[in-house]
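Here the structure is laid out as structure tokens; the discussion comes afterwards.
Just so you know, all these numbers are worked out from the coordinates, no wet-lab data involved. If you're wondering where the values come from, they're calculated on a predicted model, not measured in any experiment. Positions of Cβ are generated from backbone atoms using ideal geometry, with glycine treated the same way; all protein chains shown enter the neighbour counts.
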Amino acid sequence: MFKKLIVSKSMRRRVSWVIAGVLIFPFILFFHSSARGPSRGPGGAAGTLFGRPIPWDTFQEEQRIVRTEMEVQLGQAVPGELMPMVTQTAWERLMLAEEAAREHVRVDDRELASYIQREIPAFQDNGRFAPRRYQDILGRRGHTPQSFEALVRRDLLIKKLLDGVRGTITVDDDAVKAAYVKAHERLRVSLLSKEPGMFLDAIAPTITEQDIRAAYDAHPDQVRIPEQITFEYLGLTRDELLKNLTATDDAITGYYEGRPDEFLGADKTPKPLAEVRDHIRGTLLNEQAHHRLIALAVDLDDALKHNATFEDIANAQGLTPRTVGPVAADNPLAAGGPEPALVQAAAPLEAGKLSQAVETDNGVYVLRVTHREPSRVPPFEDARQHFKDQLITTRAREASQKAAADLRDALAKQLADKVSFDAACQSLGVVPTSPAPFTRTDPIEGLGPVPTVAAAAFATPVGQVTPVLDAGSRHVVLFIHEHLAADASGLTDAERGTYREQALNEKRQGRMAEWLMDVRARAKIKSFLDEASPAS
């Protein structure tokens, strides 16, 4: 919804789903509680927070917007297994909004205006807030400035609440040094490994037709061909418009003369028109394209409202239909495909039906699905090689893991009997490798970057062997020879700042987790969702 409108589409890294839900699902509706005890389910309450009922419609709207935001980030419908995460995030946001109110957190009008004008690129023109664009976009989304600003204020309240919790955390110099030492401490190890490839030749002949058929019958979705759709669309993109738009010299001059403060140099004197002419031309062309796209969206909405056909719209707007497909209906991000939003809009449509107007960052469209090919599982013979290869790979990995476990057990037994590591390896007929000492974040020579292996190695005492570890291409066991301590005496000022921030972030995460647990305990979230009938 608004997230798709106002921020980059790029996926953000998330420390946890809860914190992600708090920080990247902005502008969700207020909720209001009642002192009465309403019924449970549709028309009543979805649950309670802090002992107060949450209206069913309020929670459903919160959940819907969280789901929409997640779909934007995933580029597809939210899988069923993630729906509990959507529900949890919706409850968390409602809980934090109520906590902000309880803590008397405030966002004044100046803070609100500053955020909207400076932090939302969609409302800007070349870095400057454009009131007319702001009004246009809100109008297209069915909001007044007042209603939209109420939503933004609520989100900023939650952010301010969380920033207040984080702001209480500090770290001292000892913590900074400890973070530096932890980051630079190295391990000297010996490495033993077993690769699945060692077992392929022995395992391949053991795979029977019965095994392959059983795998095919048990896992048809592994080879299922997703539903395919073919659709045609009408529309214009910003780039297409820019090729045919012009800005007259009079318009450029008028823009320049009407905004003298916009073109001041470092010495506060106006830059000459010749120096900024291209910049102004680009601004004017982008404004024209923006308003043409808005006008097209309005025209498409009006045509669809009056049940115009696809052909009627094409003729009225002078647009040429373009065809896409067949493409997988469940994968809008397929390489070489059209804008993901078009596939998302086409996916639920019946053949022959028109979509609503589809607005993206790049253009405005309307589309019609012309053909749907249902999802299907290919016949056994077409899938046979896939399952045979998979069985060989799986069993080779199982054999690799077992061989590594047997080696590890034999080695650990000899070490327990006070046999030296070198002597134990010699008696077992294995030759270890000696990778260069590595830190917790370094790639391990011969393995590459395998954080789980490094973490397990650092957690293993000197003179002991790790458990069997999956290093991706092989199974490994490491013998820990020595921890090589780091010297913090040479810590530079730049490094000190880096490790102070690292230590601070770790401490903040721990504090945030504790704080959230406390809020949840006080909120006593009680959901009635499971009590609602499936029909509701």
key: K418 paired with A218, simple spin-label distance in nm, labels 7 Å along Cα-to-beta-carbon   = 4.9 nm
query = Just the Cα atoms of the stretch 220-307, one point each, no solvent: what log10 I(q)/I(0) does Debye give at q = 0.24 Å⁻¹?
reply = -1.14
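So, with +1 on the Cβ of K and R and -1 on the Cβ of D and E, and no other charges, what is the size of the charge dipole of the stretch 228-373 about its Cα centre, to the nearest 20 debye?
Result for the stretch 228-373 is approximately 180 debye, rounded to the nearest 20.
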inquiry  = Suppose only helical runs count, i.e. DSSP H with n ≥ 4. What mean residue ellipticity at 222 nm does that imply for the chain under -39500 (n - 2.57) per run, divided by all residues and rounded to the nearest 500 deg cm²/dmol?
reply    = -16500 deg cm²/dmol
inquiry  = When the expected Rg is taken as 2.2 N^0.38 Å, what fraction or multiple of it is the alpha-carbon Rg of the stretch 62-141?
reply    = 1.43
query = Between N362 and S489, 0.36 nm times their residue separation minus their Cα-Cα distance comes to what?
reply = 40.4 nm
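Mind giving me the FRET efficiency for A183 and A316? R0 is 41 Å, r the Cβ-Cβ distance, nearest 0.05 is fine. Numbers along the way, then the final one.
Values: r = 64 Å, r/R0 = 1.56.
So the FRET efficiency works out to roughly 0.05.
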inquiry  = Only four residue types carry charge here, +1 at the Cβ of Lys and Arg and -1 at the Cβ of Asp and Glu. Report the dipole size of the stretch 151-211 about the Cα centre in Debye, rounded to the nearest 20.
reply    = 640 debye
request  = Quickly rank 221-230, 363-372 as a protection proxy: mean count of other C-beta atoms within 10 Å, highest first.
outcome  = 363-372, 221-230
ask   = Mind listing P(r) for the chain? All alpha-carbon pairs, 20 Å bins, whole percents.
value = 15, 35, 38, 12, 1
key: Of A202, P451, L300, farthest towards positive along the dipole that unit charges on Lys, Arg, Asp, Glu beta carbons give the chain   = P451
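Using Cα pairs closer than 8 Å and at least 6 residues apart in sequence, work out the relative contact order for the stretch 115-257, in percent.
6 percent
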note = Scalar couplings 3J(HN,Hα) for the stretch 373-389 by Karplus 6.51 cos²θ - 1.76 cosθ + 1.60 (θ = phi - 60°), nearest whole Hz, x for Gly and Pro, are 10, x, 4, 8, 9, x, x, 3, 4, 6, 9, 4, 5, 4, 6, 5, 4
task = Would you tally the net charge around Y256, using a Cβ to Cβ cut-off of less than 10 Å, leaving Y256 out, and scoring K and R as +1, D and E as -1?
result = +1
query = With the contact rule set at Cα under 8 Å and sequence spacing of 6 or more, what percent relative contact order holds for the chain?
reply = 24 percent
task = Determine the dipole magnitude for the chain: charges of +1 sit on the beta-carbon of Lys and Arg, -1 on that of Asp and Glu, nothing else is charged, the reference point is the Cα centre, and the result goes in debye to the nearest 20.
result = 1140 debye
ask   = Counting pairs of alpha carbon atoms under 8 Å apart in space and at least six apart in sequence, what relative contact order in percent does the stretch 227-303 give?
value = 39 percent
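Under 12 Å from the Cβ of A308, count the other residues' Cβ atoms, weight Lys and Arg +1, Asp and Glu -1, and hand me the total.
After counting each charged neighbour, the total is -3.
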ask   = Are there chymotrypsin sites (Phe, Trp or Tyr not before Pro) in the stretch 223-293 that DSSP marks as loop and that have at most 13 other Cβ atoms within 10 Å, and which are they?
value = none
inquiry  = What distance in nm lies between label points placed 7 Å from Cα along the C-beta direction at R64 and S473?
reply    = 5.1 nm
remark   = Placing each pseudo-label 7 Å from Cα in the direction of the beta carbon, D136 and A113 end up separated by a distance in nanometres of 2.3 nm
inquiry  = Just want the answer: with Cβ charges of +1 for Lys and Arg and -1 for Asp and Glu, which residue in A436, A346, G44 is farthest toward the dipole's positive end in the chain?
reply    = G44
Charge-dipole axis of the chain as Lys and Arg at +1 and Asp and Glu at -1 on Cβ define it, positive-most pick from V377, I169, Q88 = I169
ask   = Based on the Cα gyration tensor of the stretch 228-373, what are the three equivalent ellipsoid semi-axes, each the root of five times an eigenvalue, rounded to whole Å and given largest first?
value = 40, 17, 11
remark   = Interchain or sequence-distant (5+) residues whose placed amide H lies within less than 5 Å of the amide H of V468 are none
